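Input: a single structure, listed below in C-alpha cells.
Computed from the coordinates by the stated procedures, all read-outs in this text should not be read as laboratory data. Everything quoted here is computed from the prediction, not taken from an experiment. Ideal geometry is used to build each Cβ from the backbone, glycine not excepted, and the neighbour counts take in all protein chains shown.
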Amino acid sequence: MFKNRNYNYGIKEILLVFFILIAFSQLYGQHDWEINPPDYQFSGEVNAVVIFNEAEVSSGSLGAFLGDECRGIANEPIYFGPTGRYIFSFLTYSNSANGEVLTFKYYNDIDGQTYDINETVTFLLNMQEGDAFDPLIFNTISSELTIITIDIKVILEGAFSPGNGNLMRTTLNSEIPLNQPYEPSLPYFGNNNPKWYYTGDESVDVMPTNVVDWVLVELRDAAAPNQATVTLEKQAALLLNTGHIVGTDGQTLVFNVEIEQGLYVVVYHRNHLGVMSSQALTQLGGVYTWDFTQALDKAYVKEERAAYQNGQKSLPGGFFGMYGGDGDGDGQVLLQDLLNVLNPQSGQSGYRAGDFDLDGQVLLQDLLNILNPNSGIGSQVP
Ligand SMILES: [Ca+2]
Ligand SMILES: [Ca+2]
C-alpha cells in the first residue's frame, strides 16, 4: 500500500516535469509541425547533431517527415556534457515496421527559417539511429537565395511613339487599373490558359503618370535558352514610357532567387506577344540588365524559327519591340483575336484587350495597324 502510494506520487511528479518540459519547449519551437504519437503503432529513436553554416547548432528544432506528414519532433537539442555537443534526441513514428524513408527538416530559431536536411533514415521498428556519443550528422541544405535587381528595357509595339526622350505614349494611363491585371476571370476571351496568367497581389495606390501599362516579368534558370522553360519567380511590374520596367514602388525590380545556371528574363504583356532574353543576363554590381529595344536578336527565337528572326518586331527608327495583337493571351496573333476580342469590343473605350495600340479605344486602327500586319505571328518564348 505504502509502496503503491509512493509509486503514484512518483508518476505525478514525472508527469508534472513532463508537462513543464512540453510547455517550455513550445516557447522555442515556432515551427508548425504536429504529431500525435498514439496514431502510430511503431517507434524508433533518432539521435543527431545538425550542421548549419558549417557548424553544429545549439538551438532550434528538428522534425522527421514522410512526405509532408510529420513523424517526430525534437523541439530543442540536449546538451551532452561528456562531448560538449547538442544532440537532437527523439522518437520517430510509423505504422510500417520497416522500410519508410524519413526525411528531416531543421527549424532555425535564430533566423526563423526552415531548412531541409540532406540525410535520410530508413525507419525500422525499435531502431536506435545514432547515440549521444556517436550521433548521426545531419547537414542542412544551404539556401542560396539572393536578392538581385533587374533592369529590363522593352517596347510595346502598340504604344510605340518615340519623342522627347521617351519611347512610348501614355495615352491609356488614366485607364490603367491599380491592381495588376494578369489574373482575369477565365476563360479569357475563350482561352482557359493565358500565357501570362498570374495570381500575385501587386498594386499601386496611384498610377504614376509615366506608366504605359502593367507587364509581367518572369525569371527562368537554365543552362541554355532552349532549355529555359522552368519559372523561378514572377512579378507584375510597371512599364514606363522610357521602356524601363520598375516595381510597384517605382524602383528597379527586386527578386529573391537562387540562380544555379543562367538567368533568363521573360516579359509578358496582356495583348502583346511575350519575349525572352536570347542570352543569360550578366550582372554588374548586383544589377542584371537586359535591353530588348537595342537589337532584333535581343529576343530569343526558337531554333525551328531561326530563319525568320521574329522573336520581336523591327520598328521605325532602329528600335525593336513586342508584337501587338494577341488579345486572348494564347501566345499567337490569330483570327480568334479578331473574332473573340476586337470585334465584340469594337467602338468601346477604356482598358480593353482589343485596344492593341493602347490609345484607350477599340477602333479600326487596332485592326489595320497592329492585328492584320502581325497575323500568324507566334511568341518565341519556350
Ligand atoms: Ca491570340
Ligand atoms: Ca486603340
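Within 10 Å, at most 13 other Cβ atoms, and a DSSP state outside H, G, I, E, B define an exposed site. Report the longest part of the chain free of exposed chymotrypsin sites (Phe, Trp or Tyr not before Pro).
Numbers: sites that count: PHE133, TYR308.
The segment 134-307 is the longest one with no such site.
Picking from ASP297, ASP109, ASP337, which is most flexible by a Gaussian network model of the chain using Cα springs under 10 Å?
In the Gaussian network model the winner is ASP109.
To the nearest 0.05, how large is the calculated FRET efficiency for ASN226 and ASP39 if R₀ is 41 Å and r is the Cβ-Cβ distance? Working shown, then result.
Working: r = 49 Å, r/R0 = 1.18.
Step by step, r from the Cβ atoms, then E = 0.25.
Scan around LEU167 for amide H atoms under 5 Å from its own, H built in the peptide plane at 1.01 Å from N, and keep only partners 5 or more places away or cross-chain.
The answer is THR242, GLY243.
Provide the FRET efficiency to the nearest 0.05 for the GLU119-GLN348 pair, computing r from the beta carbons and using R0 = 45 Å.
On the way: r = 61 Å, r/R0 = 1.36.
With a Förster radius of 45 Å, E is 0.15.
Jot down the per residue volume, in cubic angstrom and as a whole number, of the convex hull over the alpha-carbon atoms of the range 58-120. Let's see the in-between values first.
On the way: hull volume 6.3 nm³, N = 63.
Per residue, the Cα convex hull of the range 58-120 comes to 100 Å³.
Computed FRET efficiency, Cβ-Cβ of ALA306 and GLU233, R0 30 Å: what is it to the nearest 0.05?
0.60
Just to be sure I understand the model, the point goes 7 Å from the Cα along the line to the Cβ. What's the resulting SER174 to ASN372 distance in nm?
3.1
What order do you get for ARG169, ARG220 when you list them from fewest to most C-beta neighbours inside 10 Å?
Working: ARG169 18, ARG220 24.
Going from sparsest to densest Cβ surroundings: ARG169, ARG220.
Expressed in nm to one decimal, what extension gain is obtained for the pair ALA55 and THR103 from 0.36 nm per residue of sequence separation less their Cα-Cα distance?
On the way: separation 48, 0.36 × 48 = 17.28 nm, distance 2.06 nm.
Value of the extension gain: 15.2 nm.
Could you work out how far the C-alpha centroid of the range 80-115 sits from that of the range 308-382, in angstrom?
Cα centroid of the range 80-115 versus Cα centroid of the range 308-382: 56 Å apart.
Based on the alpha carbon coordinates of the chain, what radius of gyration and maximum Cα-Cα distance (Dmax) apply, in Å?
29.1, 103
Working out 0.36 nm times the residue gap between ASP201 and GLN251, then minus their Cα-Cα distance, what length gain in nm do you get to one decimal? Let's see the in-between values first.
Values: separation 50, 0.36 × 50 = 18.00 nm, distance 1.74 nm.
Difference between extended and current length: 16.3 nm.
With springs only between Cα atoms under 10 Å, which of ILE259, ILE152, ILE110 fluctuates most in a Gaussian network model of the chain?
So, out of ILE259, ILE152, ILE110, the one fluctuating most is ILE110.
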